[in-house]
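Working notes, structure below.
The values are calculated or read from the model by the stated rules, or taken from the named source; none is laboratory data. Because the structure is predicted, anything quoted here is derived from the model rather than measured. FYI the Cβ positions are ideal-geometry reconstructions off the backbone, even for glycines, and counts take in every protein chain you see.
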Amino acid sequence: MSTIYLFPGQGSQHVGMGHALYEREPAARAVFNQADKLLGFSLSTLCFEGPEEALTDTVNQQPALYVTSLAAWAVMQEQNYDDASFVAGHSLGEFSALTAAGALSFEEGLALVRRRGQLMKAAGEARPGAMAAILGLELEQIEEICAQARVITGNPVQVANDNCPGQVVISGDETSLETALNLAEAAGARKIVRLPITIAAHSPLMAPAAMSFTRAVHEAVISPASVPVIANTTAQPIVKIEEIQIELIAQLTGSVQWAPSMRYAREQGVQRFIETGPGNVLTGLMKRIDRKVERVVFMGDGV
């Protein structure tokens with residue numbers, strides 16, 4: 001059966017993630033121990049014990065999710081899970097997917113996500129933004145609403161994540177986002193959920209981070225992917241080094257085309273979607289995208 005492995009992004013973290021797997025599986029323990037050594041502090045303790053405020057700081061959150069997902073991946077490799085036809089990761093999860101595909105070593109990926117978190121935090125502090133999920137409107141409606149808000153305010157706001165039918169996340173300047181949300185409410189949005197974040201990820205406000213991150217990406221050792229990675233910004237498979245470099249830079253300011261990515265996987269005959277890492281957000285989205293597929297969550301007893 002054709003299988004894709006999915007790696008979660010920010011929002012899937014929770015205090016305690018990975019602990020049961022660490023205790024039970026030597027392969028997972030080795031991944032966490034290696035990360036602690038490379039980072040020079042106990043990321044594993046932060047994952048297992050918190051505090052939650054420190055874990056949700058994007059500087060820590062990004063490497064924490066990366067390491068926990070790859071600890072799960074290491075265990076799955078030992079347990080002889082099916083070979084991957086594709087891999088994909090949601091936003092930050094794309095780095096986990098690239099590592100699983102052999103395009104990044106664990107060390108290179110960890111260094112990149114740590115740097116990414118630092119740069120995104122700095123960009124958010126320099127120019128705070130906001131994000132919100134809009135439920136119950138079509139993607140095209142929300143794109144038009146964002147365009148109207150940009151005209152009204154003169155400030156950026158755009159679709160950040162096309163997650164699944166009826167769930168779209170927007171991101172941008174606070175005034176523009178507020179204007180867009182008012183327009184969405186007037187258009188009949190079923191629900192609007194402000195995300196607890198002051199960083200406008202996947203928006204033009206991350207441009208300073210993208211400029212600095214470009215250097216880090218081009219200095220990193222990247223190899224061709226051994227398995228096609230469905231890219232966030234294009235919903236198309238990438239394998240070549242140059243394609244990977246372009247994607248990792250573009251996704252900081254570009255939208256995550258998650259629903260189109262999953263539809264592409266289905267068009268290629270993928271039948272099994274396995275979420276690899278903490279939480280079950282991505283399999284939940286897949287239920288809304290296509291109920292007919294097999295959805296598997298590798299929880300690892302609390303991973």
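Observations on the structure shown:
- Tally of residues being assigned to a strand (DSSP E or B) and under 22 Å from A28 (Cα atoms) across segment 268-299: 7
- Subset tally (residues that are closer than 18 Å to D290 by Cβ and in contact with a strand residue (DSSP E or B) (Cβ under 9 Å, 6 or more places away or on another chain)) for segment 163-173: 4
- Taking the listed residues G254, G284, G277, the one that is closer than 22 Å to G166 by Cα and buried (at least 17 other Cβ atoms within 10 Å of the Cβ) is G254, with no other qualifying.
- Any chance A84 is assigned by TED's automatic domain parsing to the domain that holds N232, at pLDDT 95 or above and part of a helix (DSSP H, G or I): no
- V217 falls short of the stated requirement of being out of contact with any helix residue (DSSP H, G or I) (no Cβ under 7 Å at 6 or more places or on another chain), crowded, with 18+ Cβ neighbours inside 10 Å and among the aliphatic types (A, V, I, L, M).
- The one condition in (1) within 24 Å of P196 (Cβ to Cβ); (2) buried (at least 21 other Cβ atoms within 10 Å of the Cβ) that A88 fails to fulfil: (1)
- Among (1) surrounded by fewer than 23 Cβ atoms within 10 Å (Cβ to Cβ); (2) over 27 Å from P228 (Cα atoms); (3) in contact with an Asp or Glu (Cβ under 8 Å, 6 or more places away or on another chain), the one test that L139 misses: (2)
- Matching entry among L38, L21, L46, L98 (being assigned to a helix (DSSP H, G or I) and closer than 18 Å to Q251 by Cβ): L98
- Residue match in segment 242-258 (condition: more than 14 Å from L104 (Cβ to Cβ), hydroxyl-bearing (S, T, Y) and modelled with pLDDT of 95 or more): yes
- Identity of the residue in segment 31-69, touching a residue at least 60 places away in the same chain (Cβ under 8 Å), within 25 Å of I230 (Cβ to Cβ) and within 17 Å of the chain's Cα centre (by Cα), that ends up surrounded by the fewest Cβ atoms within 10 Å (Cβ to Cβ): T58
- Of all residues in segment 115-149, those being in contact with a strand residue (DSSP E or B) (Cβ under 7 Å, 6 or more places away or on another chain) and of a type in the set (D, E) number 1.
Residue by residue, here is whether (1) under 23 Å from the mean Cα position of the chain (by Cα); (2) assigned to a helix (DSSP H, G or I); (3) modelled with pLDDT under 95; (4) farther than 21 Å from I289 by Cβ holds:
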| position | (1), (2), (3), (4) |
| --- | --- |
| Q158 | yes, no, no, yes |
| N161 | yes, no, no, no |
| T175 | no, yes, no, yes |
| A184 | no, yes, no, yes |
| M206 | yes, yes, no, yes |
| A210 | yes, yes, no, yes |
| A216 | yes, yes, no, yes |
| T234 | yes, no, no, no |
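- Answer from A123, A149, A111 - the residue that is touching a residue at least 40 places away in the same chain (Cβ under 8 Å), in a helix (DSSP H, G or I), crowded, with 24+ Cβ neighbours inside 10 Å and aliphatic (A, V, I, L, M): A123
- Within segment 20-40, tally of residues that are of a type in the set (K, R) and under 18 Å from S105 (Cβ atoms): 1
- Set A97, A101: member being at pLDDT 95 or above, touching a Gly at 6+ places or on another chain (Cβ under 6 Å) and buried (at least 18 other Cβ atoms within 10 Å of the Cβ): A97
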